[in-house]
């Protein structure tokens, strides 16, 4: 076995040891847990509706994985399609187990949101591992599934930025660590009872926690793995490498937009909070405005109607409104979505032409840049009608100060931990396939198959 | 700038001026609005469940956009795939903003369904623009998102009838006016407190308001833009121009069927109305009967199992049951769906062979003809078990008279306003791409890209 | 008309006669039925939420049909794509009408779950046909739509096992009889008030009732129709016949996983049962564990990351957890899913190399073998926290004895009735297309069309 292989198996083995230790110390069927929900339903007559709402929202967010897979596959070349699909399929699988064992406990340990999560600190949580003991509880399970699909979203964003040249085994290891450590620890700070939330940081559905973390870790990954062969010329000008199926891009965007109606309105965790309707409207308006702005930008600059840009424009608008969706009025959602689309276009140029980083799907710009914008937008547009969150437009400056701090923290955390993670993986397993493998395509070299085997596709004879 | 370009920018500019005026007169944070929903939830303990139900239904209806996009893309030729996807993607985006600014206020102004909609007349509504002022309210927002996705459905139907030869910029302008004016004014008459509803017209989920309007406007559009090159021979017999991907057609139909479970049962706007289960059953039965009838028709006439016809048969059944779904028994839904499929087949022949109109996806027949049939079916099959609506089968003739009137009105309105709109757009912007552009394909000429770039797709080399 | 054609029309005619007789004897608008739900809502304040929950779950399960269609289409060769899509589309349509006329009444007649289902026996039900008379009721309709989509799932599983060589008309006839007789009678025994349920058999969401029945009937069908030409060599070693589109396989798997969140948690038929959150978590964990185990198996044995195997691994985990999902703790779901993936891999080899049966998509292994495993897993891992169901891990042996009996019964029933059905269809209509038709592809010969017509796809020229 090679040195890298040894490392891989050693790290998995270590994880298993830690897992069993944590499982062993967790008391099964502990006091205080309500695994069948009878006591919870009696104590709170609203629980059934709120459980149903949150679960259905979680299912919609889960389905976004299919959207990411299609968007990224469509933007990739045919020879790398199986590879990008595999990454999108496996990251939520590996991440799901990582989140079950470690991530959820680190993120929500100490939170008051569910039973059995009573140990935690402003920096990190440490209860609820494996959903065992007191965390074997219906309220904890409800919170877990909703948070799990959010963690999966953060993890999968990175696959797009690193598409078409990253090793699949390294990518699965990456998924484990993002879902087990990088995402949940920052998430704890904002949502799990940690220090940023205590200071008043507001990120309703995760422009920062989910999208900025994913996009910025993706920036580090795309930078460290290097550009695809042929992306940059010797004079460092960039070439377009068109994707192989625009229909996948559009279908994937529809699925993502659909799933966002779980992502944002579901983040109330309660249908008894009727603000859900305004959140849905704001989500819709920001997404469509982003698309319209990007489309008219394309028409104005090139005379062509670039649907791929419009799709990314809608995603930019959706990412941008994810943090402020509950705190702002519909007109503000329109403004936020429009600005997000402009920011996305500018960021794509900046990443490609200034940073010289190759991001095949625009994930850094859509999720990273617009995720940061979403955090800022809370501080600007929050109108005080919900949860007492007020921004500049109603004359309050406190919120925007906290939001700026949160932006600085997410930048430092995601870029810093992303750097450490990818540096470790690079030395242990290698990040990148060989030049020969990249040329042939990752489907044949990493997966031993093609997405569209020519023999079968033309079997008509 | 060309004359047509001038017109386009002028019309957009005018729209913006009107928008700002309306926004300016709308009081922000007005009395009576409940933007966070606390008062609404206290006043009505059923509100949380009914909000959740209506929102989830709206999300399902939103997802139908992906179904329309796939069905139409599958029926189009590969060279026009990006174009048809773009139209389906942009129409709900442009239409969404049109609906936010104008359409919703014209449709529901004066309706008692939500707060802040207190000004309206039997002919037109005039409150609720921009969801601002008293319309910045959770109940209004809930109604808005549900109605918005219906407007988007009406708008997108037209794209199929006009596929493969219509200019993209004209199409986006069309989407704006349908969503801002044509759809909402007729919708006001039936659902928004207008004169047809007051006379007793019943269209539960929009066979007429949504599907017939979309299908009939599409008929005008397809007629005015003219047939695709090669569709009709010199002796005016028609050629089949097969679509490029039947898998998209089938997947799109599955998505549409799935979304219809939001469209019809969601139109109660309340889960406390337990008729939702019968509505779901009726929707299902009409759709599957339509498919079975169309499939056996295909087997009986050609000996081949034409899945594209079966798919359109299921959509025909679904359109047909959309108006009567709440008022009829399951056996009647089977009959309605079966008749709809037969009607669709006959209408496809009529449109192609008698009207000599080229409708690449059968939208006029599926949505127009079967939409009218749905209105009629209420008058025949309503059994009096719900809302007191009774048709011929229980010996009541009053309802069918009103339904016939509604059919006449929707015919006149959709054909008339459609004619005016397309005539204006034709003179101002032009409807049709050039012969050369049509031959090369709209993807390269209008969008500067291909759906499946051959270089990338065969990059394996 | 040929002898086979005569039989077909005769059987349809006979069905219609029986249908009209049953319809005639069913009193319309009978006493006790509640077609608009007012009385039901008054009697049970939880009904609206539970209706909404069950209906939304049913819609998700319906959408699984699209997932099956895509997975099977992706695993098929391009020349048979329209055919497999048609089968997946038509089986739920034909099955839906069969279930409405016969299946539901045979399955739930005598059940106390809804109104109007008062006649039944331990062996078979006989009330509720056509949803007419006392079965024209909101509670019955709710139960019907949920059970209907389950029946459709059982029926559609078979299409994969018999893909690429089965006649389409025979397949539609098969769908009718499975949905009208084979599935509902076994379902009655377990869920509808029959003898297995009375003995204590527990199959929460249908590992046995749905998946094992479908998978085992598929085994009989695949065996009787014989292997595809070219699948087995003269020395009876097997060849891989790769599918034509892995993107469809992955997208289909995402859709199936998404729909499973309706399948399992929805099987409570009530959101007031808060165990739904644990069920959702268990469903997720078993699915992702199955994928991870299958993926690492692939990497360990071939060095390649086989995403098709990982997709089937996730489905295996999902099938395996379907029976026990409500009765076990999250850690057990992980174990169940992991074992299911290993079992699926072993079963694929056994079916191909020992039984010499050609199952193009692995349906027999995923649904049949793992369905049986799910029944067994209840007897092992049930921890007594829900419904008093306890397995070996809490020291109870009674449950596993009943589960083993249920496994034996489902094996005997599905293999026996499947044999009778396919033998009858073989003699009456023929099962298999001709060698020439198989070579050309079923799309052109059975459907007169191609999924991707080369002229249209390359129309760019």
(message) Quick check on residue B:341: is it touching a helix residue (DSSP H, G or I) at 6+ places or on another chain (Cβ under 7 Å) and modelled with pLDDT of 95 or more?
(response) yes
(message) Being closer than 30 Å to residue A:249 by Cα, more than 11 Å from chain A (Cβ to nearest Cβ) and either out of contact with any strand residue (DSSP E or B) (no Cβ under 8 Å at 6 or more places or on another chain) or not in a helix (DSSP H, G or I) (or both) is the requirement here; does residue C:316 meet it?
(response) yes
(request) Would you mention how many residues in the stretch A:373-417 are closer than 21 Å to residue A:181 by Cα and in contact with a helix residue (DSSP H, G or I) (Cβ under 8 Å, 6 or more places away or on another chain)? (result) 9
(message) Condition check: surrounded by fewer than 24 Cβ atoms within 10 Å (Cβ to Cβ) and at pLDDT below 95. Does residue A:385 satisfy that?
(response) no
(request) Kindly indicate which of A:141, A:155 is at pLDDT 95 or above and either assigned to a loop (DSSP other than H, G, I, E, B) or in contact with a helix residue (DSSP H, G or I) (Cβ under 6 Å, 6 or more places away or on another chain) (or both). (result) A:141
(request) Could you run through the stretch A:229-274 and say how many residues are buried (at least 24 other Cβ atoms within 10 Å of the Cβ), touching a residue at least 24 places away in the same chain (Cβ under 8 Å) and not in a helix (DSSP H, G or I)? (result) 5
(request) Output the number of the condition that residue B:130 fails; it satisfies all remaining conditions of (1) more than 25 Å from residue A:277 (Cβ to Cβ); (2) not in a loop (DSSP other than H, G, I, E, B). (result) (1)
(request) Inspect the stretch C:52-67 for any residue being at positive phi and at pLDDT 65 or above and give the result as yes or no. (result) no
(request) Using the structure shown, decide if residue C:371 is outside any helix (DSSP H, G or I), away from chain B (no Cβ under 14 Å) and either over 25 Å from the mean Cα position of the chain (by Cα) or within 30 Å of residue C:194 (Cα to Cα) (or both). (result) no
(request) Kindly indicate which of A:430, A:448, A:441 is within 14 Å of chain C (Cβ to nearest Cβ), on the phi > 0 side of the Ramachandran plot and touching a residue at least 24 places away in the same chain (Cβ under 8 Å). (result) A:441
(message) For residue C:162, only one of the following conditions fails: (1) modelled with pLDDT of 95 or more; (2) surrounded by 24 or more Cβ atoms within 10 Å (Cβ to Cβ); (3) under 17 Å from residue C:99 (Cβ atoms). What is its number?
(response) (3)
(request) Select from the stretch B:258-299 the residues that are more than 7 Å from every other protein chain (Cβ to nearest Cβ) and closer than 16 Å to residue C:59 by Cα and list them in ascending order. (result) B:259, B:260, B:262, B:263, B:264, B:266, B:267, B:279, B:282, B:283, B:286, B:287
(message) Among (1) more than 9 Å from chain B (Cβ to nearest Cβ); (2) surrounded by fewer than 24 Cβ atoms within 10 Å (Cβ to Cβ), there is one condition residue A:303 misses while meeting the rest; what is its number?
(response) (1)
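Among A:24, A:19, which is part of a helix (DSSP H, G or I), at pLDDT below 65 and over 16 Å from residue A:272 (Cα atoms)?
It is A:24.
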(request) Answer yes or no: is there a residue in the stretch B:183-191 that is touching a residue at least 12 places away in the same chain (Cβ under 8 Å) and over 24 Å from residue B:54 (Cα atoms). (result) no
(request) For residue A:332, indicate whether it is in contact (Cβ under 8 Å) with a residue 12 or more places away in the chain, over 29 Å from residue A:80 (Cα atoms) and crowded, with 24+ Cβ neighbours inside 10 Å. (result) no
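The values are calculated or read from the model by the stated rules, or taken from the named source; none is laboratory data. None of the values given here were measured: they were computed from a predicted structure. Please note: Cβ atoms are built from the backbone with ideal geometry, for glycine as well, and neighbour counts cover all protein chains shown.
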